[in-house]
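Chemist: Got a structure for you, questions after.
The values are calculated or read from the model by the stated rules, or taken from the named source; none is laboratory data. For clarity, every value in this text was computed on a predicted model and none was experimentally measured. Here the Cβ is made from the backbone with ideal geometry for all residues, glycine too, and neighbour counts use every protein chain on show. Calculation scope for accessible area: heavy atoms of the full protein, side chains included, ligands and nucleic acids excluded. Shrake-Rupley method; radii C 1.70, N 1.55, O 1.52, S 1.80 Å.
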Amino acid sequence: MIVNFVEKIGSSTIRGGSSIYEAMKFAVICMVHMLRPKSYNPAMIMVLTKQIYFTAVEIIPFFIFLAFLFGSIIIGFVVSLAFEYSLQDQIGSIIINFTLDEFAPFFTALLISLRSSTAVNTEIAVMKVNHELATLEHFKIDLIDYLFIPRIFAGMISVTSLSLIFAIIMLSSGYIFTLFYMGMDMNSYVKMLISAIEVKDLVVLVAKSAAFGFVIMLIPIYSGLKTLQSYSAIPISVLNGMVKLFIAIFFIEVLSLLLQLI
């Protein structure tokens, strides 16, 4: 019985390690293609433009509403905590660090994951089951350049740009609460934020958003490619892809926190 238990653990470990290795190999291949100039052809640019529109542009009104709603609530909570612990002198740094380094990219990544990652995973899985991917390969069309790279780039561009928009709206809505708690005028609030912001904060925002955007598209694509040749396997593929994606998002978030503490 103990032997069977050890065998199950060993086989599960081997399968997990093999799956991680294949996923990392696929990620490296995609990154190599992203660096090749010949990958950027008119067909690729067309797919990239459409994917950016579907991923980012279509949801801007709804995204702005969520950014203002959640941003106002969160900033109000942060300001009230700062007053509770007598940290009024550090409110600018707290707001900047929390907004740019943590909340804006993380919230944007979760929203885009729920909206676009499931769609991409389903799309690739359906193309796999319908043999559309095999047809494209038969006509010598590079799947990575035509299907995968445009979506990965679109994810990186969309998450980064939306994170910046979210941060701007969140910081703007924060003025309401600084006015209420501190009686601070707009000029003083802007000066407080400018004096608190550092290049590091912008670097963290862009780097984390780009990393989120990369996995938000890469993992659903990879999961879709691994779909079995059955329509009933499509929802299973999407479910597995989303579970792995959320694990990757939290891993990036934790890694980012550790790197900032070094």
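Chemist: Run down Ala27, Ala82 and say which single residue is touching a residue at least 24 places away in the same chain (Cβ under 8 Å) and not acidic (Asp, Glu).
Modeler: Numbers: Ala82 fails: touching a residue at least 24 places away in the same chain (Cβ under 8 Å).
Testing whether each residue is touching a residue at least 24 places away in the same chain (Cβ under 8 Å) and not acidic (Asp, Glu) leaves just Ala27.
Chemist: Give the number of residues within segment 222-243 that are open to solvent by less than 70 Å² (accessible area, probe 1.4 Å) and among the β-branched types (Val, Ile, Thr). Break it down stepwise before answering.
Modeler: Applying the first criterion (open to solvent by less than 70 Å² (accessible area, probe 1.4 Å)) to segment 222-243 yields 222-225, 227, 230, 233-234, 237-238, 241-242.
Applying the additional criterion that residues be among the β-branched types (Val, Ile, Thr) yields 227, 234, 238.
Residues that pass the stated criteria total 3.
Chemist: Does Phe70 count as aromatic (Phe, Trp, Tyr) and surrounded by fewer than 16 Cβ atoms within 10 Å (Cβ to Cβ)? Show your work before the answer.
Modeler: Values: aromatic (Phe, Trp, Tyr): yes; surrounded by fewer than 16 Cβ atoms within 10 Å (Cβ to Cβ): no.
Answer is no for this residue.
Chemist: So, in segment 84-143, how many residues would count as being under 21 Å from Leu257 (Cα atoms) and charged (D, E, K, R)?
Modeler: So the answer is 2.
Chemist: May I pose another question? Please enumerate the residues belonging to segment 80-119 that are among the aliphatic types (A, V, I, L, M) and farther than 22 Å from Ile176 by Cβ. Explain how you work it out, then say what you get.
Modeler: Start the filter on segment 80-119 by keeping residues that are among the aliphatic types (A, V, I, L, M), which leaves 81-82, 87, 91, 94-96, 100, 104, 109-112, 114, 119.
Once the filter is applied, which keeps residues that are among the aliphatic types (A, V, I, L, M) and farther than 22 Å from Ile176 by Cβ, segment 80-119 yields Ala109, Leu110, Leu111, Ile112, Leu114, Ala119.
Chemist: Can I ask one more? Here is a check on your reading of the model: is Ala56 small (Gly, Ala, Ser) and either loosely packed, with under 15 Cβ neighbours inside 10 Å or over 14 Å from Leu171 (Cα atoms) (or both)?
Modeler: Working: small (Gly, Ala, Ser): yes; either loosely packed, with under 15 Cβ neighbours inside 10 Å or over 14 Å from Leu171 (Cα atoms) (or both): yes.
Spelling it out, Ala56 is indeed small (Gly, Ala, Ser) and either loosely packed, with under 15 Cβ neighbours inside 10 Å or over 14 Å from Leu171 (Cα atoms) (or both).
Chemist: Hey, could you check segment 22-36 for residues that are of a type outside the set (A, V, I, L, M) and in a helix (DSSP H, G or I) and say which is most open to solvent (accessible area, probe 1.4 Å)? Don't jump to the end; show me each part of the working.
Modeler: To start, the set of residues in segment 22-36 that are of a type outside the set (A, V, I, L, M) comprises 22, 25-26, 30, 33, 36.
So of that shortlist, the ones also in a helix (DSSP H, G or I) come out as 22, 25-26, 30, 33.
On the way: Glu22: 76, Lys25: 115, Phe26: 27, Cys30: 0, His33: 23 Å².
Checked segment 22-36; the qualifying residue most open to solvent (accessible area, probe 1.4 Å) is Lys25.
Chemist: Still on this model: For the condition surrounded by 22 or more Cβ atoms within 10 Å (Cβ to Cβ), touching a residue at least 12 places away in the same chain (Cβ under 8 Å) and among the hydroxyl-bearing types (Ser, Thr, Tyr), what is the one hit in Ser163, Ser173? Lay out the reasoning, then the answer.
Modeler: Values: Ser173 fails: surrounded by 22 or more Cβ atoms within 10 Å (Cβ to Cβ).
Sole residue among the options that is surrounded by 22 or more Cβ atoms within 10 Å (Cβ to Cβ), touching a residue at least 12 places away in the same chain (Cβ under 8 Å) and among the hydroxyl-bearing types (Ser, Thr, Tyr): Ser163.
Chemist: Of all residues in segment 95-136, count the ones that are without any contact (Cβ under 8 Å) to a residue 60 or more places away in the chain, within 30 Å of Leu171 (Cα to Cα) and hydroxyl-bearing (Ser, Thr, Tyr).
Modeler: 0
Chemist: Go through segment 79-133 residue by residue and tally those that are closer than 14 Å to Ile219 by Cα, open to solvent by less than 10 Å² (accessible area, probe 1.4 Å) and among the β-branched types (Val, Ile, Thr).
Modeler: Qualifying residue count for the region: 3.
Yes/no per residue for (1) aliphatic (A, V, I, L, M); (2) surrounded by 14 or more Cβ atoms within 10 Å (Cβ to Cβ); (3) at pLDDT below 90; (4) under 15 Å from Ser19 (Cβ atoms):
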site	(1), (2), (3), (4)
Ile197	yes, yes, yes, no
Ala207	yes, yes, no, no
Ile216	yes, yes, no, no
Ile249	yes, yes, no, no
Leu258	yes, no, yes, no
Ile262	yes, no, yes, no
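Condition check ((1) modelled with pLDDT of 90 or more; (2) among the charged types (D, E, K, R); (3) over 22 Å from Asn121 (Cα atoms)) across all residues:
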site	(1), (2), (3)
Gly16	no, no, no
Lys38	no, yes, yes
Met44	no, no, no
Tyr53	yes, no, no
Phe65	no, no, yes
Phe77	no, no, yes
